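Structure, as structure tokens:
The values are calculated or read from the model by the stated rules, or taken from the named source; none is laboratory data. On a predicted model such as this, the values are computed, not experimentally measured, just so you know. Every residue, glycine as well, gets a Cβ built from its backbone with ideal geometry; the counts of neighbours run over all protein chains shown. Ligands, DNA and RNA are stripped out before the accessible areas are found, and what is left, the full protein with its side chains, is counted by its heavy atoms. Shrake-Rupley method; radii C 1.70, N 1.55, O 1.52, S 1.80 Å.
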Amino acid sequence: MRIIFTTWAWPSHLYAMVPVAWACRTGGHEVLVASPPALADTAARTGLPVASVGHDVDAVAVFRQIASSPSPSPSPSPSAGGPRPKRGGPRVLGLLATLAEAMVDDLIVLARRWGADLIVFEPTAFAGPAAAAVLGIPAVRHLYGVDLMSAAGDFLRDALAPLRARLGLDELDVYGAATVDPCPDGMQAEAPSPRLPVRYVPYNGPGAPPVLPPPDGRPRVCVTWGTTLSRLDPAFFLTGQVARAIGDLDVEPVLAVTPGQRTLLGPLPPGTRVVESAPLHLLLPTCDAVVAHGGAGTSLTGVAYGLPQLLVTRLPDHVRHAAGLAGAGAGITVEASKAEPRVIRERLAELLSDPSYRAAAERLRRETHDRPSPDRVVTDIERLVSAAR
């Protein structure tokens, strides 16, 4: 088979699909990653073949507006993400429709020229199922965490109506013929299409293992804030504040940052360790807990190693991911607006002292490990495409 994996230019959405994409590749199938130009270098570093489609859209501007304004705000301008769906719904849907419009024409041309048999798309990259519908080939959705789009069907239909009309599509199945799902059942919402459970195999980009001394008997706590929030506003990047808040606890804080984030940390308590550009899946096996922002990749990587998590949330999707983890008993959530140092310190102390959080995290780890490996899911995908033919 020839399989296109597609996403718009957000690295974490691509990273979630890399293990299954490589399983397809090592299983003998041709694989191609299709994304806007802004993601080309990041996609190339996965080692997979890459093709650029469409043009870049300033998604950061829209997310900055959402993060800064928790209540509904006026519709974003077309340059900032397109009109809102006519029936309302989450503000981000206008952006997702604009992203689909920016990619779909080139994606159709690429898939037709390359002879694609299947398009695998992450759940917010609607150019994928639209191109597949035009070409009459199946599309499979690949989640990167909690199914954020599962309850947005009616709103999505309105948001994507202009795209459907332009492409001559009476209907557009935004959920695909099946959903590859790496999220443990204990955290997940009900999927609107047949689910293909897969083991979450962490991929957090390339890098070397961090050089750290052996644990000294204190709980080692990883503090990380991903890459999204510091791009929106340095004030949203709370890693340094968290380190100062927990400085008097009997823990060993390890701050995982990018080189550009290091300057945002500010003064740090003695004994705080900082590692740069360390993929989380190489750091977390040495840790006992995670304090983070609630991003899907960070949360599921913590789950893969059975770590309880304290999640300080700001964006709506981070709230949903964190709620799934807390609902499973494996974490504690705090709204960013309420994340005073005292609250952070008390919640982390609770997370580390109450064994129920670690036990729940371990249950999620076992559930993750017991799910089918990516190579077994490739067999399911092969059957699906054969049936479609």
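With a simple spin-label model that places each label point 7 Å from the Cα along the Cα-to-Cβ direction, the separation between Ser373 and Asp41 comes to 3.5 nm. Counting only Cα atoms, the size of region 238-300 along its three principal axes is 28, 27, 19 Å, in decreasing order. Only Cα pairs under 8 Å and 6+ residues apart enter the sum, and on that basis the relative contact order of region 243-380 stands at 22 percent. The packing ranking, built from the mean of other Cβ atoms within 10 Å per residue, places the peptides 330-342, 231-243, 7-19 in the order 7-19, 231-243, 330-342, highest first.
The alpha carbon radius of gyration of region 130-180, expressed as a multiple of 2.2 N^0.38 Å, is 1.16.
Using just its DSSP H runs of length 4 or more, each adding -39500 (n - 2.57), the chain gives a mean residue ellipticity at 222 nm of -12500 deg cm²/dmol after division by all residues.
Taking 1.306 mPa s as the viscosity and 10 °C as the temperature, the Stokes-Einstein diffusion coefficient of region 144-205 based on its alpha-carbon Kirkwood radius rounds to 119 µm²/s. Once the Cβ-Cβ distance of Glu30 and Arg112 is raised to the sixth power relative to R0 = 22 Å, the FRET efficiency obtained is 0.90. Against the main long axis of the alpha-carbon atoms of the chain, helix 92-114 sits at an angle near 50°. Under the criterion of Cα pairs below 8 Å and six or more residues apart, the relative contact order for the chain equals 15 percent.
Remark: the chain carries 40 Å² of accessible area per residue (probe radius 1.4 Å; ligands, DNA and RNA excluded).
GNM on the chain, alpha-carbon springs under 10 angstrom: the most fluctuating residue among Ala360, Ala139, Ala44 is Ala44. If the chain linking Asp56 and Glu190 were pulled fully straight, counting 0.36 nm for each residue of separation and taking away their Cα-Cα distance, it would gain 45.0 nm. With q set to 0.18, 0.23 Å⁻¹, the log10 of I(q)/I(0) for region 174-255, from the Debye formula over equal scatterers at the Cα positions, is -1.00, -1.09. Based on the reciprocal of the average 1/r between different C-alpha atoms, the Kirkwood radius for the chain equals 21.4 Å. Contact order, relative form, for region 301-360: 40 percent (alpha carbon pairs under 8 Å, 6 or more residues apart, mean separation divided by residue count). Could you tell me which of rounded, prolate or oblate describes region 307-387, using a ≥ b ≥ c as the square roots of the eigenvalues of the alpha-carbon gyration tensor, with rounded for a/c under 1.5 and, failing that, prolate when a/b is larger than b/c and oblate otherwise? In terms of gyration-tensor shape, oblate.
Measuring how big region 249-389 is from its alpha-carbon positions, Rg and Dmax come out at 17.6, 63 Å. The angle between the Cα long axis of helix 355-370 and the longest principal axis of the Cα atoms of the chain comes to about 30 degrees, rounded to the nearest 10. Carbon and sulfur together cover what percent of the accessible area of the chain at a 1.4 Å probe radius? About 53 percent, which is the carbon plus sulfur part of the accessible surface.
Taken over the alpha carbons of region 281-332 as equal point scatterers, the Debye sum produces base-10 log I(q)/I(0) values at 0.23, 0.31 Å⁻¹ of -0.74, -1.26.
Which whole number in µm²/s is D for region 77-211 by Stokes-Einstein, with the Kirkwood Rh taken over Cα pairs at 4 °C and 1.567 mPa s?
Translational diffusion coefficient: 81 µm²/s.
When both region 272-308 and region 208-232 are represented by their alpha-carbon centers, they are found 6 Å apart.
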